[in-house]
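The values are calculated or read from the model by the stated rules, or taken from the named source; none is laboratory data. These numbers come from a predicted model, not from an experiment. Every residue, glycine among them, receives a Cβ derived from its backbone with ideal geometry; neighbour counts consider all protein chains shown.
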Amino acid sequence: MLRRKLLMVERIMYVDSTTPLNAVFTAKIKGALSEENFQNALAKIQQKHALLRATIDNSNEKQPLFVEQKNIDSIPLRIIQRKTDKDWFTESEKEWSRLFVEKNKPLAQLIWIKGDGVSEILWVMPHCICDGTTIANLMREFLCLLDEPSLSLATYEPYESIQEFLPVEYSKKNKKFKAEFYLGLARLFFLIKRCSKKRASGDNYALHWKLDPQTTKHITEKCKTNAISVHAFICAVFMQAFQQIQGKAAKGKVISPVDIRHFIPEIKEDYIFAFAPTVELTLKSGSLLENAKRIKQDLVHKINKMNVRELLWLGEQMHPIVQKMIAILRSSPGGHDITLSNMGKLNIPNDFKNFELETLYSPTVAFPWLNSNTLVVSTFKNQMDFIFMSNADFLTKDQAIAIKDKATQLLTSSI
């Protein structure tokens with residue numbers, strides 16, 4: 001039975017027992033759906049993933065644990081009558097404030113917005129157990145089971161410790177000294193850096209928009225022609241948009257998460273995992289295309305230099321100061337304009353036998369940090385889908401709309 005402490009990054013995303021931090025991922029379906037098939041799919045998914053049979057034991061708030069429960073409740077299915085095409089967005093915003101603290105309830109919920117021949121399905125999960133790849137995989141598994149209820153899912157053994165991903169030398173004495181050295185440096189940093197009393201007390205919000213297939217194709221082809229990645233181009237576009245709207249207040253930097261599975265193949269695409277290492281990218285002088293080319297080179301260089309196993313190990317040495325890390329995130333404006341997560345082309349089929357998967361909406365999340373500026377981009381059926389999220393106390397919604405409009409203009413006209 002699974003029983004382990006939260007990893008340092010999971011611990012940050014958990015925040016505490018009174019602060020919700022959830023990811024919500026939505027699919028829109030056309031066709032007749034059966035509640036029995038919903039329950040069947042959820043049962044099989046819960047049986048596959050041990051973390052969906054676990055709760056968080058926070059009796060020691062400084063070191064919460066994932067604890068698998070022998071007789072845990074089924075993943076809840078909440079059914080709502082569909083009234084408008086925007087119901088999914090409204091329900092996403094509501095789910096940001098859900099706390100997964102009920103006794104014997106799993107760390108996930110599914111919402112079915114049920115209409116006449118049209119439905120939306122929302123996966124809701126605490127961010128401390130999932131990254132973008134995790135929640136996309138759960139949607140894929142659910143849709144495949146909904147379409148073919150007789151399918152079976154192979155189970156896997158959950159890891160008990162990060163030592164399972166580390167070479168033998170990480171248990172040697174020289175590594176212990178290195179850990180103590182870095183922890184000492186971190187303690188000194190947090191001793192010098194004082195936490196502000198400022199907090200993001202305003203409302204979280206999200207902006208959503210899509211690009212049509214023709215525009216999406218134009219962007220991807222032009223990126224290919226100019227030997228730049230779509231991700232690098234989007235990064236350059238949004239940094240320039242911040243700069244043009246905010247002027248000197250813009251920082252000219254983005255934080256870009258990277259899928260850990262590229263570096264640790266033992267963590268399979270269909271495993272639940274929450275840690276995503278990040279890369280900081282910077283806007284410099286020059287044209288949009290020049291910046292996109294530099295960003296691509298910088299990203300490749302930093303990823304190639306990244307020792308993710310060591311980052312995972314090093315993070316685990318920082319548990320004594322995790323509360324201070326969280327306090328800094330909640331009170332510091334940070335040195336970046338936005339965290340930009342590009343999920344790329346979603347690995348979810350679009351051809352089902354018994355229903356039509358009309359579209360997918362990029363995941364939404366409402367971070368409790370002072371700088372909660374976040375952009376999530378995904379592509380499905382040749383359409384780029386954007387979710388831009390922040391807090392009105394840090395970035396007003398009017399400013400966010402202006403940045404979104406400027407970025408869209410740059411995306412569609414500058415390349």
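The residue list A50, A27, A41 contains one member that is under 12 Å from I129 (Cβ atoms) and either modelled with pLDDT under 95 or out of contact with any Ser or Thr (no Cβ under 7 Å at 6 or more places or on another chain) (or both), which is A50. Would you call E61 farther than 19 Å from M139 by Cβ, without any contact (Cβ under 8 Å) to a residue 24 or more places away in the chain and not small (G, A, S)? Spelling it out, it is not the case that E61 is farther than 19 Å from M139 by Cβ, without any contact (Cβ under 8 Å) to a residue 24 or more places away in the chain and not small (G, A, S). Note on region 198-235: residues that are closer than 16 Å to M384 by Cβ, assigned to a loop (DSSP other than H, G, I, E, B) and of a type in the set (G, A, S) amount to 1.
Within region 376-397, the only residue that satisfies the criterion of being within 19 Å of L357 (Cβ to Cβ) and of a type in the set (D, E) is D385.
One residue alone among S372, S362 is among the hydroxyl-bearing types (S, T, Y) and either part of a strand (DSSP E or B) or not assigned by TED's automatic domain parsing to the domain that holds I267 (or both), and that residue is S362. Residue count for region 293-333, restricted to those that are polar (S, T, N, Q) and touching a Leu at 6+ places or on another chain (Cβ under 7 Å): 3.
Pick from region 155-188 the residues that are outside any loop (DSSP other than H, G, I, E, B) and closer than 19 Å to I267 by Cα: which of them is modelled with the lowest pLDDT?
Checking each candidate, the answer is Y170.
Restricted to region 226-246, and to residues there that are closer than 10 Å to I403 by Cβ and among the hydrophobic types (A, V, I, L, M, F, W, C), the residue that is surrounded by the fewest Cβ atoms within 10 Å (Cβ to Cβ) is I245.
Determine whether I75 is of a type in the set (A, V, I, L, M, F, W, C), assigned by TED's automatic domain parsing to the domain that holds T134, crowded, with 17+ Cβ neighbours inside 10 Å and without any contact (Cβ under 8 Å) to a residue 60 or more places away in the chain. Taking the combined requirement at face value, the residue satisfies it. With the structure loaded, tell me whether W112 is in contact with a Lys or Arg (Cβ under 9 Å, 6 or more places away or on another chain), within 24 Å of V376 (Cα to Cα) and either modelled with pLDDT of 95 or more or assigned to a loop (DSSP other than H, G, I, E, B) (or both) or whether it fails that test. Considered against the rule, which asks whether it is in contact with a Lys or Arg (Cβ under 9 Å, 6 or more places away or on another chain), within 24 Å of V376 (Cα to Cα) and either modelled with pLDDT of 95 or more or assigned to a loop (DSSP other than H, G, I, E, B) (or both), W112 comes out as yes. Scanning region 280-326 for residues that are surrounded by 15 or more Cβ atoms within 10 Å (Cβ to Cβ) and small (G, A, S) returns A292, G315. What do you reckon, is E35 under 23 Å from the mean Cα position of the chain (by Cα), under 29 Å from F380 (Cα atoms) and in contact (Cβ under 8 Å) with a residue 12 or more places away in the chain? For E35, the condition - under 23 Å from the mean Cα position of the chain (by Cα), under 29 Å from F380 (Cα atoms) and in contact (Cβ under 8 Å) with a residue 12 or more places away in the chain - is not met. The number of residues in region 298-354 that are under 30 Å from I403 (Cβ atoms), more than 20 Å from the chain's Cα centre (by Cα) and of a type in the set (D, E) comes to 1. Every test in (1) assigned to a loop (DSSP other than H, G, I, E, B); (2) in contact with a Leu (Cβ under 6 Å, 6 or more places away or on another chain); (3) buried (at least 21 other Cβ atoms within 10 Å of the Cβ) is passed by L340 save one, and that test is (1).
Scan I403, I348 and give me the residue that is in a loop (DSSP other than H, G, I, E, B) and among the aliphatic types (A, V, I, L, M).
I348
Criterion first (among the acidic types (D, E), outside the structural domain of E95 (by TED's automatic domain parsing) and more than 25 Å from G31 (Cβ to Cβ)) does D351 satisfy it? So D351 fails the test.
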